[in-house]
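The structure appears right after this line, and notes come after that.
The values are calculated or read from the model by the stated rules, or taken from the named source; none is laboratory data. Remember, it's a predicted structure, so these values are computed and weren't measured experimentally. Ligands, DNA and RNA are stripped out before the accessible areas are found, and what is left, the full protein with its side chains, is counted by its heavy atoms. Shrake-Rupley method; radii C 1.70, N 1.55, O 1.52, S 1.80 Å.
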Amino acid sequence: MESAATARPAIKNRGTNSPPSIPGSPPLTRARASEGRSPVRRDKQEARRLDDEESDEEFDISHPKDEIDRAAHHSSSGVYPDISSLSSKESDTECLPGSSPSFQRHNRSHEEYHVTNRTKCIGKNCPVGTRKGPLTPEKGSPGRKVYPDLRPQDRKKGRVMPLLYIGFIALIIVCVLTFYDSLKNLEEIPSSEPYVKPIEKVYSDIKEELKTINSEFTQTRQFWVQLIGQLETIMRESPVQPAVVLSVVPEGAERTAVCLLHRISQAISDGFEDRRFIMYDVKSEVHKGHLHLKTDLYENLLRLESAHAAIVHNVEKIPGEAAMTFHAFCDNENAPFKQAVIILVIHIPGKYENLSWERLENTIDDYLMGIWGEQLQEKDVSAIVSRVANAPVLIKPESAERLNYACESL
């Protein structure tokens, strides 16, 4: 009668990774010695326990070195058999714990579990090794495109934005260069003098306007010949003396003189492109005294610096002392403004029919000598008369209807 062998308690080898093995028998584990169950069932339970522990552990991607150390610790502590020291010979593998069928089945089930979980895991919570889709590599990774996981719209924006920046910078550069070019061109333009209308054009424009005035009035041919003869003396670049026209106004021709002479003065002013002509009436200044009248007349004639035509009404009312002002402005050598037309208006008694053109100069000389002879010396009176009455014109009275048509505003 044979007696059955009594199982001894498992011997715990401290400092070793695997329990001692008996030759010719399957490897013993701590669980097998304590529980006394079959090796196949114990291997399956151990594999489930190890898988549950591994699934509960989170993989820390920020510390991969710690994860590797943890795996090594499991291997060295006996959770997974250490097969690093196994040789490639077939005889050596038979005696190791991993060569048992139950351990091989455990490895296959472990690999299948990870494959199943890797195919099912999609999202940010998956471990790095099981995540699907291309990962964004670090900038500068060799042989890989930078940011391959971007959407097509993001890739298009990434290509378009730099082009917009480049185009904007190029536009600014072009604007700056254009502005600099324009400034440079402005500096190169020479400073031009103010435009001066050619004297030939001035004279042509004046003659055209005088033709219009002639068609609206019924003045004699002598009037226009004498007037145009005086205008021609200043229609040159450097005239010798100003044109002085003494307009003789008989009784009944006062309104005609105002209308006609104002139209002529305006034509001269327009021809030279002046703002306006000068007009001075002695009637408003005669009562203020001789000295004030002389000063006021002198200041008004000084405005010929910016104008080319001046009318002085009622010359017969100017005292002799104030009349000496004409001596300077009508001089044939020392006149301050030689390209100017000075129209002096004198009223004489008598009708137009009683005056003749042949004796007009003598009539005017006698009349002015009688006015200024009592106040001035004879030589002064002769000097003034010779300058103001060199080319007198006689004004013919016009009908009221014609004057209303020609001079509505006067």
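Give me D for the stretch 196-286 in µm² s⁻¹, whole number, from Stokes-Einstein with Rh from the Kirkwood sum over alpha-carbon pairs, 37 °C and 0.692 mPa s.
Values: Rh = 14.5 Å.
My calculation gives 227 µm²/s for D.
Residue order by solvent-accessible surface for THR295, THR325 is THR295, THR325, largest first, with ligands and nucleic acids left out and a 1.4 Å probe.
Diffusion coefficient (Stokes-Einstein, Kirkwood radius over C-alpha pairs, 10 °C, 1.306 mPa s) for the stretch 324-410: 104 µm²/s, rounded to a whole number. Could you tell me which of the pairs LYS207/LYS317; LYS317/LYS396; LYS338/LYS396; LYS283/LYS351 are separated by over 24 angstrom between their Cα atoms in the structure shown? Result: LYS207/LYS317; LYS338/LYS396 exceed 24 Å. Using a probe of 1.4 angstrom, how much of the accessible area of the stretch 198-351 is carbon and sulfur, in percent? Carbon and sulfur: 48 percent of the exposed surface of the stretch 198-351.
Around the amide H of VAL393, modelled in the peptide plane, lie the amide H atoms of LEU246, SER247, VAL248, all under 5 Å away and 5 or more residues distant in sequence or on another chain.
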